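Got a structure here, written out as structure tokens. Questions coming.
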Amino acid sequence: MQLRRLPAARRLLARARELSDDPDLTARIDATEASLRAELGDLEGALERCDTALRSDGISNQTRGILQAQRAWILLRTGETAGALDAFDLAIPLLTDPLELGKAYVNRGGVHLSRGAASRAAADFAQAVTLLRSAGNEIEAAMAEHNQGYADLMQGELVAALHHMDAARPVLLPQSPVVGAICNQDRAEVLMAAGLTRRGLAALDESARTLGQNRLAQRRGEAELIIARASLGADPQRALTAARAARSRFSRTKTPALHVRAEALVLGAEVRLRRSGPSLIGRADRLAEELSGLAMPWWAIDTRLDAALVAVRRGEVDEAGRRLATIRVSTRAPLAVRLRNRDVRAALAERRGRTGAALGHLRHGLADLHEWQSSFGSLDLQTMVTGHGRRLAVRGLRVASHSGSPKVLFEWSERARMLASRVQPVRVPRDEDVVSDLAELRAIAAKDEATREDRAREAELRQRVRERAWRARGSGSYDDPIALADLQGHVGDRALVAQVVTAERVVALVVTSTTATTYDLGPREALDSLLGGLLPGLDMAAAHLPESFARTVRAEAVNRLDRLDALLLAPLAGELGERQVVLTPSGALAAVPWTLLPTNRARPVVVAESATSWVARTETPLRSRSAGFVAGPRVPQAESETSAAAKVWQDAQVLHGDEASAEAVSRLAGEVDVLHVSAHGRHSSENPLFSGFELADGPWFGYDIDQLERVPDIVLLSACEVGRSTLRGGEELIGMTAAWLHAGARCVVASAAAINDEVAHDVLVRVHEGLADGLRPASALAQALLDVDSEGPPAPLVVFG
């Protein structure tokens with residue numbers, strides 16, 4: 001049974017019952033057979049077997065406790081959680097054997113989980129781990145610890161969830177394919193909560209197939225329920241398909257309580273597909289009553305919110321308001337329920353034209369998200385979980401852009417972008433295991449030809465590095481957005497331009513010390529047509545091409561940049577005048593090389609994560625007394641570029657050839673104020689913190705930055721691709737640049753597109769001349785770009801920070 005070899009177990013139990021003449025032993029055999037029947041989907045037969053055994057004479061209190069615990073577990077499988085808790089309350093006082101008592105605590109913890117009482121579940125699972133280990137049963141103890149991880153997940157403790165599940169995996173995975181499928185299914189939910197939706201859904205699909213191949217219809221249906229719930233936001237059509245499949249299985253296995261959950265997810269998927277027929281409201285009311293009767297309050301609330309949202313969409317605002325007035329969502333509710341509650345209430349307020357009320361709900365929802373987000377120290381994890389708040393941020397931007405108020409638009413241009421930048425970062429202690437794993441990854445990458453075993457080991461190491469980084473605890477604090485008036489007091493003779501891209505429009509807000517002006521720049525479609533092909537075109541323009549072909553390619557790139565300028569900046573030129581500019585663009589504009597747009601020629605430009613983070617980074621002077629230079633292998637101009645730039649500085653440190661190792665670069669980065677790296681770079685879109693640049697002994701990754709005890713104030717990356725970022729959750733950018741800024745660097749000079757080696761050499765040497773003369777990085781870059789041949793390869797370098 002424990003190994004899930006069910007046909008063999010059935011034969012052995014039948015033989016044991018034939019041989020038993022002891023009522024107490026026979027009752028225990030009946031309890032095991034009931035468990036077997038439940039696993040095979042015969043829940044009615046399983047309950048009947050327990051009830052028959054409980055009516056037997058001559059059985060001990062211990063055996064009665066075992067039977068009651070088994071009965072409780074089967075009731076839990078049917079979804080009858082109230083009856084299951086009653087049965088456990090009868091069972092636990094009768095049990096004295098630590099093994100049976102431990103199993104009872106495990107199963108009661110499952111009841112608490114299904115009722116949304118995750119903290120009670122975690123306490124039961126922790127008690128079970130202690131009891132089962134004292135009984136010497138490591139397999140059951142591992143199952144209890146795995147379940148403890150699931151309780152952590154339900155409380156939003158993703159790091160603790162992975163810790164407990166991974167501690168149990170070495171014991172559980174070898175037991176059987178079915179046990180492995182169940183473990184992977186639960187772990188997949190953690191990954192999806194962390195934002196790794198595709199990876200999590202792939203694991204769930206595999207688990208569902210394994211369970212189906214082992215003829216465990218109910219278990220497969222439960223996996224399909226999880227797939228449906230996980231897909232609701234991102235892919236409601238897939239959620240609908242999975243929920244219908246689960247509903248069909250639960251009809252066949254005669255588990256009405258699970259059938260109700262599947263029905264609720266079918267309804268939820270239809271609502272998210274924007275269906276709004278009048279029958280949806282009646283169905284939602286019926287399902288909510290049934291879910292409440294099953295003591296599943298959060299499911300019931302979510303279904304009632306579905307009904308209210310349908311009423312809003314139908315224009316029945318009074319009916320929607322009446323429904324929402326009856327819904328109470330406490331701070332104990334799961335984060336997803338709290339966020340959805342705020343979004344539906346904001347939808348009603350928006351429909352009524354109550355802008356302030358709508359934004360108030362959205363503000364409270366994002367505050368809940370930030371509180372959770374700030375518990376993570378990992379930039380990777382912080383940026384991935386922002387997807388949970390995307391719907392609120394999108395609605396907030398839309399409402400703000402329609403408000404006509406520069407103050408409101410500015411607030412939401414801050415609230416809805418780069419959510420992770422508002423979390424106060426922490427410097428995590430150096431992790432020697434991560435350092436060792438990164439060194440092994442470098443060794444594999446440095447091989448001329450990697451084997452299949454090398455690739456498998458590389459994937460294992462990447463996952464381990466990533467998930468170890470997740471364990472870092474966050475600061476628990478986040479910054480509120482700066483107020484418009486406070487920004488105006490700080491901006492001085494500069495102008496801040498917030499570029500806001502919604503689903504329909506492109507809007508700009510220009511803020512100076514005395515004014516705040518909104519500009520409607522046109523439809524989103526016009527922008528998308530210009531952004532498509534922008535990066536490939538710039539990459540081609542940087543390449544060494546036959547002159548006649550190069551002129552055509554560069555002319556097309558210039559033409560596209562001119563049209564982008566006409567859309568995004570030229571309408572603002574009168575107000576910008578000769579001012580330096582701080583840009584806070586929406587994530588959709590991540591690829592724009594702002595320094596190449598004609599309106600910005602000769603203008604110092606900084607691209608900031610947000611106005612709030614920019615103000616924080618400018619409150620103290622930049623450190624620029626010492627500089628270090630690194631030249632990676634196989635870049636023709638790297639040593640020439642870094643040697644020429646180093647001559648500008650007194651006592652500059654330079655690493656060339658074999659000296660430019662990962663360990664030496666890490667040491668140098670901790671010693672200098674200005675760090676310049678010229679090397680081959682690569683952006684990893686799958687996990688941007690595995691982006692990096694090539695050194696003598698292999699790639700130096702974004703994860704290496706986390707291991708530094710101190711970082712430079714100014715980082716210059718003369719490496720193709722490492723200025724690129726991956727967009728997460730609609731507005732969250734992550735890549736090598738974000739990793740340096742998160743670690744504490746004040747600014748990063750990098751290129752989102754490829755840059756010609758000769759151009760990078762000339763421009764960056766002149767940037768260093770400006771820095772050494774006391775110019776700020778944006779002014780030094782603007783001055784250096786004036787000398788670039790307008791008909792030659794472009795220099796898409798940008799100052800971030």
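The values are calculated or read from the model by the stated rules, or taken from the named source; none is laboratory data. Note that the structure is predicted; figures quoted are calculated from it, not measured. Here the Cβ is made from the backbone with ideal geometry for all residues, glycine too, and neighbour counts use every protein chain on show. Just the protein is used for accessible areas: all its heavy atoms, side chains included, with ligands, DNA and RNA removed. Shrake-Rupley method; radii C 1.70, N 1.55, O 1.52, S 1.80 Å.
Where both residues lie in the chain, what percent of DSSP beta bridges are antiparallel, nearest 5? Write down the numbers at each step before the final one.
Values: 29 of 55 bridges.
Counting DSSP beta bridges with both partners in the chain, the antiparallel share is about 55 percent.
Quick one: grab the alpha carbon gyration tensor of the stretch 24-128, order the square roots of its eigenvalues as a ≥ b ≥ c, and give me rounded if a/c is under 1.5, else prolate or oblate depending on whether a/b is larger than b/c. Show your work: numbers first, answer last.
Working: a/c = 2.08, a/b = 1.32, b/c = 1.58.
Since a/c reaches 1.5 but b/c is at least a/b, the shape of the stretch 24-128 is classed as oblate.
Using Cα positions and a limit of under 12 Å, work out the aspartates and glutamates in reach of Lys254, with same-chain residues fewer than 8 apart set aside.
Lys254 reaches Asp42, Glu44.
Could you give the size of the charge dipole of the chain about its Cα centre, using +1 on the Cβ of each K and R and -1 on the Cβ of each D and E, expressed in debye and rounded to the nearest 20? Numbers along the way, then the final one.
Working: 98 positive and 103 negative charges, 653 e Å.
For the chain, the charge dipole is close to 3140 debye.
With Cα extents along the principal axes in Å defined as stated, name the option among (i) 135, 76, 68; (ii) 73, 64, 53; (iii) 98, 65, 47 computed from the structure displayed.
(iii)
Whole-Å semi-axes of the stretch 343-433's equivalent ellipsoid, largest first, each the root of 5 times a Cα gyration tensor eigenvalue?
Over the Cα atoms of the stretch 343-433, the semi-axes work out to 31, 13, 9 Å.
Once phi is turned into θ = phi - 60°, what whole-Hz ³J(HN,Hα) does the Karplus curve with 6.51, -1.76 and 1.60 give for every residue of the stretch 683-700, x standing for Gly and Pro?
9, 9, 6, 5, 9, x, 7, 9, 5, x, 10, 7, 10, 4, 10, x, x, 10
Just to confirm the filter: which trypsin sites (Lys or Arg not before Pro) across the stretch 396-453 are DSSP coil and have at most 15 other Cβ within 10 angstrom of their Cβ? Could you put the intermediate results ahead of the total?
On the way: sites: Arg398, Lys407, Arg415, Arg417, Arg422, Arg427, Arg430, Arg442, Lys447, Arg452; in loops: Arg417, Arg427, Arg430, Lys447.
The qualifying sites are Arg427, Arg430, Lys447.
If you roll a 1.4 angstrom probe over the protein chains with everything in place, what fraction of the accessible area of the stretch 439-486 belongs to carbon and sulfur, to the nearest %? Each step should come with its number before you reach the end.
Details: 1250 of 2890 Å².
Percent of accessible area from carbon and sulfur atoms in the stretch 439-486: 43.
State to the nearest 20 debye the size of the charge dipole of the stretch 463-592 about its Cα centre, where the only charges are +1 on K and R beta carbons and -1 on D and E beta carbons. Please list the in-between numbers first.
On the way: 13 positive and 16 negative charges, 141 e Å.
About 680 debye.
Over what distance in Å are the Cα centres of the stretch 454-510 and the stretch 756-801 separated?
25
Could you please state how large a percent of the accessible area of the stretch 502-604 is carbon and sulfur, counting protein chains only and using a 1.4 Å probe?
On the way: 2450 of 4350 Å².
In the stretch 502-604, the share of accessible area belonging to carbon and sulfur is 56 percent.
What number, rounded to the nearest 500 deg cm²/dmol, is the helix-based mean residue ellipticity at 222 nm of the chain, given -39500 (n - 2.57) per DSSP H run of at least four residues and division by all its residues? Write down the numbers at each step before the final one.
Details: 36 runs with 476 residues, N = 801.
Mean residue ellipticity, 222 nm, calculated: -19000 deg cm²/dmol.
Round to a whole angstrom and tell me the spacing of the C-alpha centers of the stretch 642-683 and the stretch 255-326.
Result: 60 Å between the Cα centres.
Suppose all protein chains stay in the model; what accessible area per residue would a 1.4 Å probe give for the chain, in Å²? Intermediate results must be reported in sequence, preceding the final value.
Details: 32070 Å² over 801 residues.
Here the per-residue accessible area is 40 Å².
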